[in-house]
Amino acid sequence: MQPSAPSPASSSTPSAVPRFDERLTAPRSWWVIVGLLGLSGGLVMFPLGTVPMLGGLIVATVLAGAAVSSYGSARVRVVAGSLVAGDARIPVTALGAAEVLDPEEARAWRTYKADPRAFLLMRSYVPRAVRVEITDPADPTPYAYLSSREPEALVAALDAERPGARGDAGV
């Protein structure tokens, strides 16, 4: 088998190839703000000379860029029988129903409907989300709230990853 050839989703063993993979990157406007913060750092150091000005420009740009990149590096994946959201890994067998939330419903679940015990991977710049029940009796977390630009694809990937969803219930 060639490593570059895509393998079909078959058998009952969970695949290491992600069914869903999304990186919640920061919007372009935030990178414009990073540039403006770098410029501000340079302007603050301008009265001290050219070298300190360039140092301020570089340091401020790198620090602001690192902060935005770190915040925008969160990933949501469905892979190998698990939902991986940020640092959390939840087996699909411990998940209940998944619900696509439109912008209004997502805002409601981030605010007045929110449960303090819930797992939240939310980004303010992503208006839509998915709410997934956690059915593990040993876990006090009632649900996971996951921001997603493609919530329908995430729900479809979770449904496809469930045992028996691929027609392998009798295997």
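The values are calculated or read from the model by the stated rules, or taken from the named source; none is laboratory data. No experiment lies behind these values; they were computed from the predicted model shown. Cβ sites come from the backbone with ideal geometry, for glycine too, and all protein chains shown count toward neighbours. Calculation scope for accessible area: heavy atoms of the full protein, side chains included, ligands and nucleic acids excluded. Shrake-Rupley method; radii C 1.70, N 1.55, O 1.52, S 1.80 Å.
Only protein heavy atoms count here; under a 1.4 Å probe, Glu152 has an accessible surface of about 100 Å². Seen from Pro142, the other residues with C-beta closer than 14 Å to its C-beta sum to a net charge of -2, counting Lys and Arg as +1 and Asp and Glu as -1.
Which residue fluctuates the most in the chain, going by a Gaussian network model with Cα springs under 10 Å, if the choices are Ala157, Ala74, Ala66? Of the options given, Ala66 has the highest mean-square fluctuation.
Put simply, the amide H of Met122, placed in the peptide plane, has neighbours under 5 Å in Ser147, leaving out anything fewer than 5 places away on its chain. Screening the chain for DSSP H helices whose Cα atoms reach 24 Å or more along their own axis and whose mean Kyte hydropathy is at least -0.5 gives 28-45, 50-71. With the simple model of a label 7 Å out from the Cα in the direction of the Cβ, Leu39 to Val17 spans 4.6 nm. Checking [x] 18.6; [y] 16.2; [z] 17.5 against Kirkwood radius over Cα pairs in Å calculated from these atoms, the matching label is [x]. Restricting attention to the chain, close to 90% of DSSP beta bridges with both partner residues there are antiparallel.
Extents of the stretch 49-122, largest first, come to 61, 33, 21 Å (Cα atoms, principal axes, whole angstrom).
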